[in-house]
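Contents: one structure, followed by commentary.
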Amino acid sequence: MTHIDLQDLTGVWQRDSLTIENGKPFEDSNVYWLQAGDYFADMRWPLDQAKRTESLQSAFAGRTHWSQPKIRFTHHIDLTKQHLEDEGDLMMVDEKLVERGQVTTKGKTIGYKEIWSPLHTTDQSQQTNVAVVDTDSEVGYFIQVGDFAIGMNDTQGIFSAACLRRSTPQGKWRLLHSIGETERLAPLINAHLIGFTLRKNL
């Protein structure tokens, strides 16, 4: 097994496939995992536009605890609040990450395997920017890794999130996906995403 340091995980990872129990690998969603040091953000939404309902979307962020081969994600902010912590085994195989673990849903424990590929779109792909808001009424996360950024905000139970990407270091940012009222993300994203202004009609 290839040794993995936390710095090896820092980057942008896109899921290639998901395998549940002994089934066949498949992928029905856009899944982006941004890792910046021990901070992470993850957004998922169906590939099928017609299925992009809130119940089939996922967004969460927080802190990562890494002790090879175990990785544990503690969710500080989460759209569904179903799993505030998850843990799996992680290994590097042919420059891809293979994650194996278990999740308990409705009292049933299910095994899974996820394959992740690195996305290095520019020579700045490892540059990171992290901001966290944590008050009694609001939790906010902004994580940028190179040409990808994810912002999330939960204010008094109202959740919003956005995943953005730019084509080049000097290029324009474009929205890949959003959840909820994006204007709630403006203070967080506008303050930390250089060269971009989030507007109400994003």
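Read-outs throughout are calculated quantities, based only on the coordinates presented, and are distinct from any laboratory measurement. Remember, it's a predicted structure, so these values are computed and weren't measured experimentally. As a convention, Cβ positions derive from the backbone with ideal geometry for all residues, glycine included, and neighbour counts pool all protein chains shown.
Extending 7 Å from the Cα toward the beta-carbon at both residue 129 and residue 155 defines two label points whose distance is 2.1 nm. All other residues whose Cβ lies under 14 angstrom from that of residue 93 are scored, Lys and Arg at +1 and Asp and Glu at -1, for a net of -4. Note on 92, 43: ascending count of other Cβ atoms within 10 Å places them as 92, 43, the fewest first. Taking square-rooted eigenvalues a ≥ b ≥ c of the alpha carbon gyration tensor, is the stretch 128-192 rounded, prolate or oblate, where a/c under 1.5 means rounded and, failing that, a/b exceeding b/c means prolate? Since a/c reaches 1.5 and a/b is larger than b/c, the shape of the stretch 128-192 is classed as prolate. Computed from backbone phi with θ = phi - 60° and the Karplus coefficients 6.51, -1.76 and 1.60, the 3J(HN,Hα) list for the stretch 148-156 is 10, 8, 10, x, 9, 8, 10, 10, 6 Hz; x is used for glycine and proline. Rounded is the label for the stretch 6-118. Its Cα gyration tensor axes, ordered a ≥ b ≥ c, give a/c under 1.5. Once backbone amide H atoms are built at 1.01 Å from N, residue 176 has 163, 164, 165 as its partners under 5 Å, excluding neighbours fewer than 5 places away on the same chain. Overall shape: oblate for the stretch 83-202, with the ratio a/c of the largest to smallest alpha carbon gyration tensor axis at 1.5 or above and b/c at least equal to a/b. For residue 80, nonlocal amide neighbours, meaning residues 5 or more places apart or on other chains whose placed amide H falls under 5 Å from its own, are 59.
Remark: spin-label model distance residue 167-residue 104 equals 4.8 nm, labels positioned 7 Å along the Cα→Cβ axis.
If I take R0 = 30 Å and measure r between the Cβ atoms of residue 175 and residue 3 in this structure, what FRET efficiency does the formula 1/(1 + (r/R0)^6) give, to the nearest 0.05? Plugging the Cβ-Cβ distance into 1/(1 + (r/R0)^6) gives 0.20.
Taking 188, 119, 56 in turn, the Gaussian network model of the chain (Cα-Cα springs below 10 Å) assigns the largest fluctuation to 56. Taking the chain as a Gaussian network of alpha-carbon nodes connected by springs under 10 Å, the highest mean-square fluctuation of the residues 103, 139, 12 belongs to 103.
Projecting the Cα positions of 156, 182, 3 onto the charge dipole of the chain (unit charges on Cβ atoms of Lys, Arg, Asp and Glu, taken about the Cα centre) puts 182 furthest along the positive direction. Fraction of C-alpha pairs exceeding 25 angstrom in the chain: 35 percent, rounded to a whole number.
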